[in-house]
Structure formats: structure tokens, C-alpha cells
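The values are calculated or read from the model by the stated rules, or taken from the named source; none is laboratory data. Remember, it's a predicted structure, so these values are computed and weren't measured experimentally. Positions of Cβ are generated from backbone atoms using ideal geometry, with glycine treated the same way; all protein chains shown enter the neighbour counts.
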Amino acid sequence: MKYLLLSLFLAALTSNAFPSEYEEVMAANIEKMYQSTTAQELTNLANQFQRIANVEKDKWEPVYYTAYCHVRVIFFAKLSSKETHKQLDQAQKQIDALFQMAKKEPEVYILQALVYQLRITDPTKGYKYSKLSNEALTKAEKLDADNPRIYYLRGSNTFHTPKMFGGGKEKAKPLLQKAADIFETQKAVNRLAPTWGSHHNNELLKQCLAEKE
Amino acid sequence: MKSVLIIALLFLSSLATAQVTIGGKVVTTSGNPIPGVNIYLEGTYDGASSDSDGIFRFSTSKAGIQMLTATFIGYKTWQKEINLDAPPANVEIILEETINTLDAVTITAGSFAAADESRASIMQPLDIYTTASANGDVMAAMRTMPGTQAATDDGRLLVRGGDAYETQTYIDGLVAAKPYYSKTPDVATRGRFAPSLFSGVMFNSGGYSAEYGQALSSVLILNSNDIATEDVTGISLMSIGGEMNQTKRWENSSLSLSGGYMNFSPYQKIFNSNINWEKPVEAINGTVVYRYKTKSNGLFKGYVTADWGDLSYLTPNGVNEQGLKVSNTGSTVYSNFSFRDCFSEKTCYRVGISSTYQENNIGLNADDIDTKELNIETRFAVVHDVSDGVKLTWGFNDTYNKYNQEYIDDEGQTYSLDFTDNLVGGFIEGEVKFSKNIAIRPGLRAEYASVINKWNLAPRFALALKTGEVSQLSGAFGLYHQTPQPDYLKLEDNLAFEKAIHYVASYQAGEVTTRLFRAEAYYKTYHNLITYQFGELGLPANLQNNGDGYANGIDLFWRDRKSIKGFDYWVTYSFIDTKRKYQDFPEKATPHFISNHNFSVVGKYWVNKISTQLGFAYTTANGRPYNDPNTKEFMDKITNPYSDLSLNLSHVFYLGNQYSVLYLSINNVLGNDNELTYRPSSIADAQGDYQLIPVKRDLKRMVFIGLFLSF
């Protein structure tokens, strides 16, 4: 009996039936990432994901999270527009690599759309990058129409676009609402799948609802 | 047995977690700590990031010889083998900067760009539309750049003392032989190509790269848009005509069709024209643009545009009441096909063919001049990324020119003039960045023109020195050649290349998105310019390369988009001192299109509340020399100073998910009666005096209204 237990225990050490080291490490770091709120923590995590990506050459998620960490820095650090673009250039480099390895992955197009939207650091850039962002989101929608981040990013861009250019809270509301509905009901396909967006989506939706009253 | 197993197990697990700690510091070559560096053991997850003091520390369960790697954006990757069985106490990592980074020095001397991502940018593509005096003409917008002449009676680019023919226009690296509509006496012309086709414009006023030949003074480089982003239908209704376009986007390609019709008759009815129009300008045009992206990310661009135009007017000749009747009918077809792709990650190429075919008929009273010109250029260029900071470009071009002119005089006599030329050119150019702060660009160009059976060799050199975060010094030197103009070659082919030598020094500080200052000084000499005397039938005779000249000056540019919110303005001042002997000049003189001082201010203010942009452009220049044949001295008279204030308004609104624009502009709001130059009558009167006929702009005030709808 003891031998049996022992051999089971030894088997567990090497077996794939149990979560792999890759999945464990990724899941832990992804969780850490969502809780990080400083540029330094996020840069360290970007490096961590980069290290994993260097080893796991056939997996797209580590590259994706490397890019996303670089993007996430922008939400928490006060950056000048030049620094913002530099940060986005780093993310773009990873996204370009993602397009080579995961062409059919809707999340890649969604992340690309987010990067384009963040490039709108002044109103003169709005036209160009809104168009590019919409193009990327259309592609994502073709691959998976049920991804809530598509509608969240569409809604967010509409929210921030001036009314006279076809934007505004009223037009953003149905998009954000649709995103919120999917965020609420949908379960992540696996533990490494991206889950970001619902918090900010709710924030924006709240502002849209407040507008009406 | 049991205990042995347990001990063995404990031993195994302790082995598995036997940890080695690695630590150290990451610094630059000058010893400053670098935070955020990724330090790790190659092929493992184990590693850490350096902190704000450049210090890192991590533990690993790996053993033996491992590769320690450090990577950071903008720096070369660092690697070193370490033995984890005897781990080093402290690893010092010195990272070396890579040279090819975005903020590395760029050679900017003499180039003024309107592009999104270029260091030489002083404008952005949209500026061409919103500049008040430009009226949607790329060339007119470039005339607000330093180094150009205000000369509004011409309409073409006159750069740093050079005549209009000394500027060459390139589209996607291929020559556009006829960038302007036909020029007739007293009437200004404008650029042929719609600004909406281009996402980048590079205006080089001197010292340009060995890739470009056949331009003594300047090259204007237009880069067309890539694949259209989406389906659009556009309708433009303008006070001078209308235009329609349709764009269709597919997965890897896009196609745009557009056509337009223009008629200036209503203007001549409403406004008083300085020109006695018999048949105001009427023109039609059509354009096809096709883009295709290959699987390997290669891009094919195809562009064909055709236009037809007709006009006639009477202009005083100082001889009789009726004056000189000028008429012009012409059609032009321009096509441009290019393809760019890469052989490998380090080697890319561009290949293309462009052609211009033009049939132009000019009538001067009863005389008729029919000109047919064909220009075909093929080009091939290769760019190698040799190593970090070293780039090598080389290429060839062949330009075929066939020219035929028939002159039919009032008695029906026909004179035929023609020539054929094959110009073969080749260039090689290196760009070497010694560090992020110093770059040089040596180049060499060689050309052979069959019509004159001559060779030329043109060395070029440019350098740039970064002096601060956003400031740099640049310099350029070069020899530039140009085959004599068709007007001379049709008469005489025993000629040589005209030649210019440029020296440019430039200082730039700031950024186009905030504040930018540019100062350039230049010195230019001209050699072998074509000279002639008027002979039989008023045609040039005794054509020789006997002319020479010089031009030197200072160009200043200041742009500020930061100081006042929503307000963007730029100021240009150019001083020039130039003299040349060419054409039929009896002696060295300042040409008639030169003002020594040119000053312009362009301003734009965005009013968010009404989503409207208000713009103004003010240009002033001192008087230009002109020749009064009644005096002994050549070119000794000076016109009155010139000034123009133009205003415009663009209101942006939304139809469906596309922007539409309502546009209004008024040129010369103040109604200055600018006498631009004077033209002597062709025959002296009974007293032996020549009459001087002032040349003015067609319309004193030009009002333009346009509604540009897209959906």
C-alpha cells in the first residue's frame, strides 16, 4: 500500500494529468498582474512573462501577457505622451510576434485594438487610430462574436469620442451594456484566458446611466 | 527498508529544492544603473528584474553551467556563462546601447517632411488640407515652407534661387514628369495630384540623397497611402465643380475610383477677373488606385490618373487692342506601379515603373504649338541592414523620354522638332550611425544621358550630430546634375548637364507635436546653365552651357502647438541672395521670380464647441526685379512688395460613421492690388518705347466653397 502511494506520488511529480508547471506559474502570475498597481510591479511581471515566453515557444499566452503588462503600466503610471508611445511600442513588438503565431486568436486583435486606442494621446490622432482600432475589432468579432472585450472597447472608444464625431455616452451605452451582459454570464474558457475589462466597463456604463437622469 | 526509502525521498526532495542565489547589478557603459532589465537563465523561467538601483537577485534550482542573459529595450543583449555549482557572488552586467533606436539621430539637413512618424517632420499630412492659402494643392502648401518663393503668378515650387524646372517630383520613388497642369503665360498653375492620396510628403530643399537625380534645386517626395481602411463613398461639391469617389476594401486589397469635373465659368461671371477669359478653365479627371498586400507582407501599389483640360483667354500685348489670344488644350495620363517586399529580414527591395503621356496644344493667336511627350521610368532599389546602425542602399533607374513638337505658324507652315533620350542612372549610398548621436551618409550617383551622350558622377555626403534630447546639428554637401530642358534639347543636343553644388548646415530643436525650431544656412553654386540669344522665329539660338550663378541664404522655421490650447501656428522667414546668368540674360542678375525676403505665418485654431477650424495664412515678400527694356540696365527695376492674407474655415460633421467637411476659403481678403511682375510688349511703339504690362493674379479675391461628403 505504501509502495502504491509512493509510486503515485512520484508519478504525480512528472505526470501531465495534474496542472503543469507552466500552467501553475502562468496562473499565479496572471493573478498577480491583476492585483498589481505600480509600473515597477507590472514591468517585473512583463519580464517574468517574457522569460516564460522564451521557453514555451509554442504558446501564445506568455507573449500576450508580456504585451498586456506593458499596456497596463499606462493605466497606473503618469506618463507623458512620448513615454506612453514608447510603452506602446514595446507592447506592439509583442503583438507583431503574436500575429505570426496566433493568427486565429481573437484576443490578439482585441489587444491590438486597445493599443491603437491608447495611441490617441491627443485629438488629432483620434481619426487615424479609431479607424485602425475598429478594423481590428471587426476582425476579432469575425473570429468570436461573443467576446465581451470587443463591445467594451467599442463602447469605450465611442464614450471618449466627441458627440459631433459620432461618439458620446448615449451611443456608447448599448455597447457597454452588451459587454456587461456577456461579462456577467460568460465563464472563462480556461484559467489562462484573459478576463480584463469588466471593471472599467462597469465604470463607464455607470457614467452613461447617470447621464440620463 | 521503510526508513531507507523515506530518507531517500527526503534526500531527493531536498535536492530538488537546492537553491542557488544569483545577484548583481546592471549598469550602462557610463556606470548608471538601469532599472527594469530582464535577467534570467537561458531556457528557464528563473530570473528577475533589476530595481531602481540596477540591483537584481533571484534563486534557482538549476545546477551546472548555465547561460545568464540580460535584455532591455534599446540595449544589446548581454550573455555570459556561469557555473551554478560555484556561483559568483556578484555579477556585474554592463549593457551597451543599440544604435538603431527610435530616438537615434536622423539626417535632416534640407528636408522638410509632412509625415506622421518622421524626425524630419515639421508638418503633418492633414496640414496640407487645412493651410488657408493652399486650396488643397500640395505644392501651394509646400510654399509655406522655408526656402521657397511667394511668386503667386507661377504657382510652381521655386526653391532656394532655383527656377521651377529645377524641382523634381517623385511618387513612391518613381518620377512624376508632369507634376503641374500646363503653364500658360500670366496664369498660375497648380499641382496635378490630390493631397488625399498621400500619407507622407518630404520636401527636400537641398543636400538630398544620391537616390535622386535630375534635380538641381529640390525634390518633392510623395508617399501614397497603403491599403484603404474601409469602404467609403465620397461626393465633393465645390464652387468650381464636383468630384465623386468610391473605395472598396477587401481582406488584402483595396480599390478606389474617382472622377471629377471642373468649370471656372461661374467665377468669371461673378468676379472681376484681371484676365479677359474667352473660355475659362474646364477640366475633367479620373483616377484609379489599387493596393494589394501579399502573404509575405509585400505591397503592390497601382495608381493611374488621366485628365483633360481646355481654356483660352486674351492678354494685353501692348501692340493692339485685342491683345494676344492664348489657348490651351491638353490631356495627360500618368501611371505609377510599384512593389516592395523583402528577400530576407535584413534585405528589402523596391521595384516600379511610372509613365507620363501628355498631349498639349498651345495656341498663341494664329500660331499652334502641339507637343507630345512620353516619359517612362523603371526603377529598382535594394536596402540592406548590414548591422546595427549600418545600412546600405543601391539601385538603378532608366528613364526614357520621347518628345515631339509641331509648330504651325499663321501661314500654315509646319516646323517639327523632336528628340529621344534614355537616361540611365545608378546609385549607392551608405548610412552609418557610429552611435545614437553621430550619423553619416556618404553616397555616389552616376548618370548617362543618351541625347547629349554625356556621363556625370555626383558624390553626396550628409551628417548629423545629436546635441541634446530633441536637438541636433546636420550638414550636407552634394553635386547635382540635370539634363537640359526639352525646350532646348529639341533645338540642340550638343549640350552638357547643368550642374549645382549644395552646402547646407542646419540646426533643429524641439518636436513637431509641441514646439519646433529649425534654422538652415546654405550656399549653392550653379554651373553650365543653358544660355542663348533669341534668333529666327523668336526661337532660342546659339544654345550653350555658358551660364553660372550662386545662391546663398538663411531659412528659419518656428512651429508652436503648445503655448495656446487649440492654437497651432508656424512662422517662416527666408532670406536669399542669388544671381545667375542663364537663358537670354546678358549678364549675371537676380531672376524675376526672386524676392530677397519671404515671410509667412500660418495659423489654425480649433473651436471645439462648433467643431470648426479657423485658419489664416499671411505671406509677404519684398519686391522682385524685372527688366525694363526702355532702360540700358538689365533687371534694374523692382516691383512693389507683395502681400496676401488668406482665411479659411473647415466645419467638420458626421454622416453615418464618416467625417464630412464644409470648407470655405478666401484668398487675398484685404484685396491688395499686387502687381507681381511686368512683361514688356513684344514690339516697340512709334516712339521706340516698349510698353510694360503688369502681371496680376487672375482673381483679386478668390472665394472657394466646398462641401466634402463621405459616407
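Summary table below
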{"read-out": "Yes/no for B:Thr631 being in contact (Cβ under 8 Å) with a residue 24 or more places away in the chain and among the β-branched types (Val, Ile, Thr)", "value": "no"}
{"read-out": "Residue identified as of a type outside the set (Gly, Ala, Ser), more than 24 Å from B:Val652 (Cβ to Cβ), outside any strand (DSSP E or B) and at pLDDT 90 or above among B:Leu255, B:Leu216", "value": "B:Leu216"}
{"read-out": "Within the stretch B:284-299, considering residues that are in a strand (DSSP E or B) and in contact (Cβ under 8 Å) with a residue 40 or more places away in the chain, the one farthest from B:Leu314 (Cα to Cα)", "value": "B:Lys293"}
{"read-out": "B:Ser660 vs. criteria modelled with pLDDT under 90, polar (S, T, N, Q) and surrounded by 17 or more Cβ atoms within 10 Å (Cβ to Cβ)", "value": "yes"}
{"read-out": "Entirely in the stretch B:1-106, the strands (runs of 3 or more DSSP E) that have 1 or more residues that are modelled with pLDDT of 85 or more, within 44 Å of the chain's Cα centre (by Cα) and within 30 Å of A:Leu88 (Cα to Cα)", "value": "B:20-28, B:38-41, B:65-71, B:78-83, B:91-95"}
{"read-out": "Residues of the stretch B:445-478 satisfying the condition of being touching a helix residue (DSSP H, G or I) at 6+ places or on another chain (Cβ under 8 Å) and among the small types (Gly, Ala, Ser)", "value": "none"}
{"read-out": "Subset of the stretch B:532-548 (residues that are within 24 Å of B:Gly162 (Cα to Cα) and out of contact with any Pro (no Cβ under 9 Å at 6 or more places or on another chain))", "value": "B:Leu539, B:Pro540, B:Ala541, B:Asn542, B:Gln544, B:Asn546, B:Gly547, B:Asp548"}
{"read-out": "Condition check for B:Thr247: in a strand (DSSP E or B), over 29 Å from B:Asn668 (Cα atoms) and either assigned by TED's automatic domain parsing to the domain that holds B:Ala458 or modelled with pLDDT of 95 or more (or both)", "value": "yes"}
{"read-out": "Residue under evaluation B:Phe203, criteria (1) within 15 Å of the chain's Cα centre (by Cα); (2) assigned to a loop (DSSP other than H, G, I, E, B), criterion not met", "value": "(2)"}
{"read-out": "Test: residue in the stretch B:664-679 that is at pLDDT below 95, under 30 Å from A:Thr161 (Cβ atoms) and within 25 Å of the chain's Cα centre (by Cα)", "value": "yes"}
{"read-out": "Residue count for the stretch B:564-585, restricted to those that are part of a strand (DSSP E or B) and farther than 26 Å from B:Glu520 by Cα", "value": "1"}
{"read-out": "Restricting the stretch B:245-269 to residues that are charged (D, E, K, R) and surrounded by 14 or more Cβ atoms within 10 Å (Cβ to Cβ), the residue that is farthest from B:Thr294 (Cα to Cα)", "value": "B:Lys248"}
{"read-out": "Residues located in the stretch A:61-81, provided they are in contact (Cβ under 8 Å) with a residue 12 or more places away in the chain, more than 10 Å from every other protein chain (Cβ to nearest Cβ) and either part of a loop (DSSP other than H, G, I, E, B) or farther than 15 Å from A:Lys93 by Cβ (or both)", "value": "A:Glu61, A:Arg72, A:Ile74, A:Phe76, A:Ala77"}
{"read-out": "Segments classed as strands (runs of 3 or more DSSP E), wholly inside the stretch B:592-711, with at least 3 members that are of a type in the set (Gly, Ala, Ser) and assigned by TED's automatic domain parsing to the domain that holds B:Ala134", "value": "B:612-621, B:642-655"}
{"read-out": "Hits in the stretch B:481-518 - residues which are among the β-branched types (Val, Ile, Thr), within 14 Å of chain A (Cβ to nearest Cβ) and surrounded by fewer than 17 Cβ atoms within 10 Å (Cβ to Cβ)", "value": "B:Thr514"}
{"read-out": "Selection from the stretch B:216-229 of residues that are surrounded by 15 or more Cβ atoms within 10 Å (Cβ to Cβ) and out of contact with any His (no Cβ under 9 Å at 6 or more places or on another chain)", "value": "B:Ser218, B:Val219, B:Leu220, B:Ile221, B:Leu222, B:Asn223, B:Ser224, B:Asn225, B:Ile227, B:Ala228, B:Thr229"}
{"read-out": "Residue match in the stretch B:584-593 (condition: over 30 Å from B:Tyr690 (Cα atoms), under 27 Å from the mean Cα position of the chain (by Cα) and of a type in the set (Ser, Thr, Tyr))", "value": "no"}
{"read-out": "Residues of the stretch B:505-523 satisfying the condition of being part of a strand (DSSP E or B) and in contact with a Lys or Arg (Cβ under 9 Å, 6 or more places away or on another chain)", "value": "B:Ser506, B:Tyr507, B:Gln508, B:Ala509, B:Gly510, B:Arg515, B:Leu516, B:Phe517, B:Arg518, B:Tyr522"}
{"read-out": "Cβ-Cβ under 6 Å pairs, at least 6 apart or on other chains, the stretch B:514-535 side in the same structural domain as B:Gly553 (by TED's automatic domain parsing), far side surrounded by fewer than 19 Cβ atoms within 10 Å (Cβ to Cβ) and of a type in the set (Val, Ile, Thr)", "value": "B:Ala521/B:Ile554; B:Thr525/B:Ile501"}
{"read-out": "Matching residues, the stretch A:63-121, being of a type in the set (Phe, Trp, Tyr) and within 11 Å of the chain's Cα centre (by Cα)", "value": "A:Tyr64, A:Tyr65, A:Tyr68, A:Tyr109"}
{"read-out": "Among the candidates B:Gly688, B:Gly615, residue that is free of Cβ contacts under 8 Å to residues at least 24 places away in the same chain, more than 14 Å from chain A (Cβ to nearest Cβ) and either of a type outside the set (S, T, N, Q) or surrounded by fewer than 17 Cβ atoms within 10 Å (Cβ to Cβ) (or both)", "value": "B:Gly688"}
{"read-out": "Flag if B:Asn336 is surrounded by 19 or more Cβ atoms within 10 Å (Cβ to Cβ), closer than 30 Å to B:Pro442 by Cα and polar (S, T, N, Q)", "value": "yes"}
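Here is a yes/no grid of residues against (1) in a helix (DSSP H, G or I); (2) surrounded by 14 or more Cβ atoms within 10 Å (Cβ to Cβ); (3) away from chain B (no Cβ under 11 Å); (4) in contact with a Leu (Cβ under 6 Å, 6 or more places away or on another chain):
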{"position": "A:Ile30", "(1), (2), (3), (4)": "yes, yes, yes, no"}
{"position": "A:Thr37", "(1), (2), (3), (4)": "no, no, yes, no"}
{"position": "A:Glu41", "(1), (2), (3), (4)": "yes, yes, no, no"}
{"position": "A:Asn47", "(1), (2), (3), (4)": "yes, yes, no, no"}
{"position": "A:Gln50", "(1), (2), (3), (4)": "yes, yes, no, no"}
{"position": "A:Lys59", "(1), (2), (3), (4)": "no, yes, yes, no"}
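Rundown of residues vs (1) closer than 25 Å to A:Asp144 by Cβ; (2) out of contact with any Cys (no Cβ under 8 Å at 6 or more places or on another chain), yes/no style:
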position: A:Ala46; (1), (2): no, no
position: A:Asp58; (1), (2): yes, yes
position: A:Ser81; (1), (2): no, yes
position: A:Gln94; (1), (2): yes, yes
